[in-house]
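S.K.: Structure in structure tokens, see below.
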Amino acid sequence: MTAVLDGARLTLWAPAGLGEVRPGDDLAALVGDLLARDAEGSGDPLAEGDVVVVTSKIVSKAEGRVVRATDREQAITDETVRVVATRERPDGLPPLRIVENRLGLVMAAAGVDASNTPDGTVLLLPEDPDATARSVRAALRDRFGLDRLGVVVTDTAGRPWRDGVTDVAIGAAGLRVVDDLRGGVDSHGRPISVTVTAVADEIAAASELVRGKASGRAVAVARGLSRFVRGGTGPDGDGPGARVLVRTGPDDLFREGTAEAYARGVADGRASR
């Protein structure tokens, strides 16, 4: 897929042929082999400024985050650190739970996934997606002789006020994950005071358009975003990771569920009497 807008070109492709990933597999080697085979065929070799996108599902499988769970609800409970909201569902289905998981992400079902995994098992999210992104980036930079390379680890999430799901970045390395436009001016010369673009999330969402949910294509490459891609090693080269995209503390305007907010409001009212 290639999109062209105002002279800027963004190209995305998702090679086929990764195969099933199993616990203990060397994920970076598998991804590198896939990209090398793609380049030998009709694809393009990995180049400076590219961003490699991998799904959290294959990361979780490689890292052994596949667990036996005849009761998915218990797995969700085990991964939950805070319940944000619940909603009862008809026909005896378990309640829908929006929770904060161990990574600080607020997601339905704590990100526990029962799709594309053997019966009787569920997939938990990676332990540290940013660390995984850094490891994969280091291996791919060495293998392909590149300096400026980005890696994004994605997962699917719902969105408040919007139907449908989209992929977001839960891990990143070698990438400016946000583009802070504050302090600049718009096309009419007016000051920009609030706009901070979630670059890593936009890459994650765009990559899903070429990967799909059931195609077996769990890796994608984005080209044309080199202005956001870092070079070098260490903290300066890897960048802050996707963790900085998580709103916490007073910046999270929806931290409390309705029951929590009601209880706090009652307590505050009593205290002010």
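S.K.: Can you tell me which residues in region 66-85 are without any contact (Cβ under 8 Å) to a residue 40 or more places away in the chain and either under 20 Å from Val165 (Cα atoms) or assigned to a strand (DSSP E or B) (or both)?
M.R.: Of everything in region 66-85, those that are without any contact (Cβ under 8 Å) to a residue 40 or more places away in the chain and either under 20 Å from Val165 (Cα atoms) or assigned to a strand (DSSP E or B) (or both) turn out to be Ile76, Thr80, Val81, Arg82.
S.K.: Which of the following residues is part of a loop (DSSP other than H, G, I, E, B), of a type outside the set (S, T, N, Q) and surrounded by 15 or more Cβ atoms within 10 Å (Cβ to Cβ): Leu46, Leu35? So that I can check it myself, show each step before the final result.
M.R.: Numbers: Leu35 fails: part of a loop (DSSP other than H, G, I, E, B).
Exactly one of Leu46, Leu35 is part of a loop (DSSP other than H, G, I, E, B), of a type outside the set (S, T, N, Q) and surrounded by 15 or more Cβ atoms within 10 Å (Cβ to Cβ), namely Leu46.
S.K.: For Leu96, state whether it is in contact with a helix residue (DSSP H, G or I) (Cβ under 9 Å, 6 or more places away or on another chain), modelled with pLDDT under 90 and within 30 Å of Ala261 (Cα to Cα).
M.R.: yes
S.K.: Please determine whether any residue of region 81-93 is among the charged types (D, E, K, R), in contact with an Asp or Glu (Cβ under 6 Å, 6 or more places away or on another chain) and loosely packed, with under 15 Cβ neighbours inside 10 Å. I'd like the intermediate steps shown before the answer.
M.R.: First, pick out the residues of region 81-93 that are among the charged types (D, E, K, R): 82, 87-89, 91.
Still in the list and also in contact with an Asp or Glu (Cβ under 6 Å, 6 or more places away or on another chain): 82.
Next, from what is left, pick out any that are loosely packed, with under 15 Cβ neighbours inside 10 Å: 82.
Scanning region 81-93 turns up at least one residue that is among the charged types (D, E, K, R), in contact with an Asp or Glu (Cβ under 6 Å, 6 or more places away or on another chain) and loosely packed, with under 15 Cβ neighbours inside 10 Å.
S.K.: Among the residues of region 1-19, which ones are modelled with pLDDT under 90 and either among the charged types (D, E, K, R) or over 25 Å from Gly64 (Cβ atoms) (or both)?
M.R.: Met1, Thr2, Ala3, Val4, Leu5, Asp6, Gly7, Ala8, Arg9
Here's the yes/no breakdown for (1) crowded, with 17+ Cβ neighbours inside 10 Å; (2) at pLDDT 80 or above; (3) in a loop (DSSP other than H, G, I, E, B):
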| site | (1), (2), (3) |
| --- | --- |
| Ser187 | no, no, yes |
| Asp201 | yes, yes, no |
| Glu208 | yes, yes, no |
| Arg217 | yes, yes, yes |
| Val221 | yes, yes, no |
| Leu253 | no, no, yes |
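S.K.: Somewhere in region 125-142, is a residue within 28 Å of Arg223 (Cβ to Cβ), small (Gly, Ala, Ser) and part of a strand (DSSP E or B)?
M.R.: No, region 125-142 contains no residue that is within 28 Å of Arg223 (Cβ to Cβ), small (Gly, Ala, Ser) and part of a strand (DSSP E or B).
The values are calculated or read from the model by the stated rules, or taken from the named source; none is laboratory data. Note that the structure is predicted; figures quoted are calculated from it, not measured. Note: ideal-geometry Cβ built from the backbone for every residue, glycine included; neighbour counts use all protein chains shown.
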